[in-house]
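K.L.:
One structure is given below, represented as structure tokens, and several questions about it will come after.
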Amino acid sequence: MDSLITSEIQNALQGIVPSVMATSSPDGMPNLTYISQAHFVDDNHLAISWQFFNKTWKNLQTNPNFSVVVTAPQNWAMWKINLRFEELLKDGDLFDEMEIALEAIAIMQAATDVFKLAAVLMCEIVSIETQFHGLTG
Amino acid sequence: MVIPDNIDKMLELTYTFGWLVGVDDKLESHLCRTCGVKKIDNEHLIILITPSLAEHLVETIQNHPKIVFTIVNANTFESYQFKGKYVENRPLNAEEGNIKHRFMRGIKEVLSDMGFEYNDRFSQYAELEGWAVKMKVEEIYEQTPKPGTGKKLIVK
């Protein structure tokens with residue numbers, strides 16, 4: 001079975017155009033935050049970098065289903081990825097890998113305080129919807 | 001409520017990017033990138049969206065009016081989240097069409113500064129049909145990525 005995360009979508013995960021994450025409280029109040037990294041783990045999982053989640057974390061604890069929209073800078077294609085939070089990682093190989101990647105972003109943005117990895121959200125990919133197929137020609 | 005001056009000014013910038021989000025009865029989020037905004041008064045915004053990006057967004061917010069509109073300055077990452085209620089939606093009027101056009105040009109310029117030249121191709125996105133969503137703002141939160149972000153702004 002082909003991965004839901006195509007190579008096109010993998011381009012969008014790099015965060016060159018910042019991605020967004022939308023969660024919901026149990027009473028249906030949305031919350032949206034920008035995320036620095038959505039990291040491809042395997043065909044069924046993405047890992048999201050956690051730096052400053054307050055309301056987002058509260059929402060995930062009661063409703064683990066959420067959505068991320070990623071944008072490919074090459075052609076402005078956009079995808080909504082529906083995810084389910086599985087576990088929080090604060091160490092390990094994946095954490096280390098994402099921490100290094102985040103440090104690189106921090107140096108580029110001259111914002112090392114902002115781009116400091118607190119934890120990683122390991123998430124199951126539920127479904128993917130194409131919002132915009134991308135510019136052609 | 002009064003929208004603070006600094007946020008007021010940010011709403012008019014063409015490099016202020018935005019997102020509109022609603023949640024359906026299964027608690028699934030429906031969201032799309034916005035293409036401009038117009039402040040009506042101290043409590044209401046007209047948020048311009050491209051409905052084709054999010055098939056179920058308009059229907060969702062008509063049935064479940066709790067919405068958020070989040071903005072970010074594409075250059076500084078200064079960011080705020082408006083929480084409130086959906087009021088109504090309708091086609092863009094002429095003024096709003098101009099706002100959308102100006103805003104789309106702004107997106108293209110920001111991307112060009114990042115090294116992505118779309119040239120005339122960007123019209124494939126910029127000319128997608130726009131729609132106006134009226135929002136009643138009830139609360140505003142700081143969302144700028146920094147320690148302690150997420151605080152509610154006190155606005156009189």
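K.L.:
Below 8 Å, C-alpha to C-alpha, sequence gap of six or more: please give me the relative contact order for chain B in percent.
P.N.:
Details: 315 pairs, mean separation 43.6, N = 156.
Result for chain B is 28 percent.
K.L.:
Let me make sure I get this right: for segment A:1-81, a, b and c are the square roots of the gyration tensor eigenvalues over alpha carbons, sorted descending. Under 1.5 in a/c it's rounded, otherwise prolate if a/b > b/c, else oblate. Which is it?
P.N.:
Details: a/c = 2.06, a/b = 1.64, b/c = 1.25.
Since a/c reaches 1.5 and a/b is larger than b/c, the shape of segment A:1-81 is classed as prolate.
K.L.:
Taking 8 Å as the Cα distance limit and 6 or more residues as the minimum spacing, I'd like the relative contact order of chain A as a percentage. Mind showing how you got there, number by number?
P.N.:
Working: 282 pairs, mean separation 37.7, N = 137.
Reported as a whole number, the value is 28 percent.
K.L.:
Okay, moving on. Would you calculate the separation in nanometres between label points at A:Phe95 and B:Lys134, each defined as 7 Å from the Cα along the Cα-to-beta-carbon direction?
P.N.:
About 5.0 nm separates the two model spin labels.
K.L.:
May I ask you to derive the FRET efficiency for B:Asn6 and A:Asp43 from their Cβ-Cβ distance with R0 = 45 Å, giving the value to the nearest 0.05? Spell out each step's value before the answer.
P.N.:
Working: r = 45 Å, r/R0 = 0.99.
Efficiency computed from Cβ-Cβ geometry: 0.50.
K.L.:
With a ≥ b ≥ c taken as the square roots of the eigenvalues of the C-alpha gyration tensor of segment B:23-156, please select rounded if a/c is under 1.5 and otherwise prolate if a/b is larger than b/c or oblate if it is not?
P.N.:
oblate
K.L.:
Same structure again: What are the extents of the Cα atoms of segment B:87-156 along their three principal axes, listed from largest to smallest and rounded to whole Å?
P.N.:
43, 34, 15
K.L.:
On the protein heavy atoms, probe 1.4 angstrom, tell me the percent of accessible surface of the protein assembly as shown carried by carbon and sulfur.
P.N.:
On the way: 6480 of 13250 Å².
Carbon and sulfur: 49 percent of the exposed surface of the protein assembly as shown.
K.L.:
Which ³J(HN,Hα) values in Hz, rounded to whole numbers, follow from the phi angles of segment B:3-9 under the Karplus curve 6.51 cos²θ - 1.76 cosθ + 1.60, where θ = phi - 60° and Gly and Pro get x?
P.N.:
Per-residue couplings from phi come out as 6, x, 3, 5, 6, 3, 5 Hz.
K.L.:
Write out the GluC sites (Glu not before Pro) in segment B:91-156 meeting two conditions: DSSP loop, and at most 15 other Cβ atoms within 10 Å of their Cβ. Can you show the working numbers first?
P.N.:
On the way: sites: B:Glu95, B:Glu96, B:Glu109, B:Glu117, B:Glu127, B:Glu129, B:Glu138, B:Glu139, B:Glu142; in loops: B:Glu117, B:Glu127, B:Glu129.
Within segment B:91-156, the qualifying GluC sites (Glu not before Pro) (loop, at most 15 other Cβ atoms within 10 Å) are B:Glu117, B:Glu127, B:Glu129.
K.L.:
Could you work out the local net charge near A:Asn75, counting Lys and Arg as +1, Asp and Glu as -1, over the other residues with Cβ closer than 12 Å to its Cβ? Don't jump to the answer; show the numbers that get you there.
P.N.:
Working: positive: B:Arg121; negative: A:Glu8, B:Glu117.
That sum, taken over residues with Cβ under 12 Å, equals -1.
K.L.:
When averaged across all projection directions, what area in nm² does the alpha-carbon convex hull of chain A cover? List each step's numbers first, then the result.
P.N.:
Numbers: hull surface 35.1 nm².
Hull-based average projected area comes out at 8.8 nm².
K.L.:
Then there is this: Under a cut-off of 18 Å between alpha-carbon atoms, report the lysines in cross-link reach of A:Lys55, not counting same-chain residues fewer than 8 places apart.
P.N.:
In chain and number order, the partners are B:Lys66, B:Lys83, B:Lys146, B:Lys151, B:Lys152.
K.L.:
For segment B:48-105, with every protein chain kept in place, what is the accessible area per residue (1.4 Å probe, Å²)? Don't skip to the answer; put the middle values down first.
P.N.:
Values: 2550 Å² over 58 residues.
I get 44 Å² per residue for this part.
K.L.:
For the pair B:Lys39 and A:Glu103, how long in nm is the line joining their label points, each one 7 Å along Cα→Cβ?
P.N.:
For B:Lys39 paired with A:Glu103, the spin-label model returns 4.2 nm.
K.L.:
Ok, one more. For every other residue with a beta carbon closer than 15 angstrom to the beta carbon of A:Cys123, add +1 if it is Lys or Arg and -1 if Asp or Glu, then tell me the sum. Walk me through the numbers on the way to the answer.
P.N.:
On the way: positive: A:Lys80, A:Arg84; negative: A:Asp42, A:Asp43, A:Glu86, A:Glu87, A:Glu124, B:Glu28.
That works out to -4.
K.L.:
With chain A treated as a Gaussian network of Cα nodes joined by springs under 10 Å, which of A:Asp42, A:Asp96, A:Asp27 yields the largest mean-square fluctuation?
P.N.:
Ranking A:Asp42, A:Asp96, A:Asp27 by mean-square fluctuation puts A:Asp27 first.
K.L.:
Using a 10 angstrom cutoff on alpha carbons, build the Gaussian network for chain B and name the most mobile of B:Leu92, B:Leu11, B:Leu128.
P.N.:
B:Leu128
K.L.:
So, one more: Please give the contour-minus-distance gain from B:Asn63 to B:Val87: 0.36 nm per residue of separation, less the Cα-Cα distance, rounded to one decimal in nm.
P.N.:
Gain on extension, B:Asn63 to B:Val87, equals 7.6 nm.
The values are calculated or read from the model by the stated rules, or taken from the named source; none is laboratory data. No experiment lies behind these values; they were computed from the predicted model shown. Positions of Cβ are backbone-derived with ideal geometry, glycine not excepted, and every protein chain shown enters the neighbour counts. Ligands, DNA and RNA are excluded from the accessible area calculation, which covers all protein heavy atoms including side chains. Shrake-Rupley method; radii C 1.70, N 1.55, O 1.52, S 1.80 Å.
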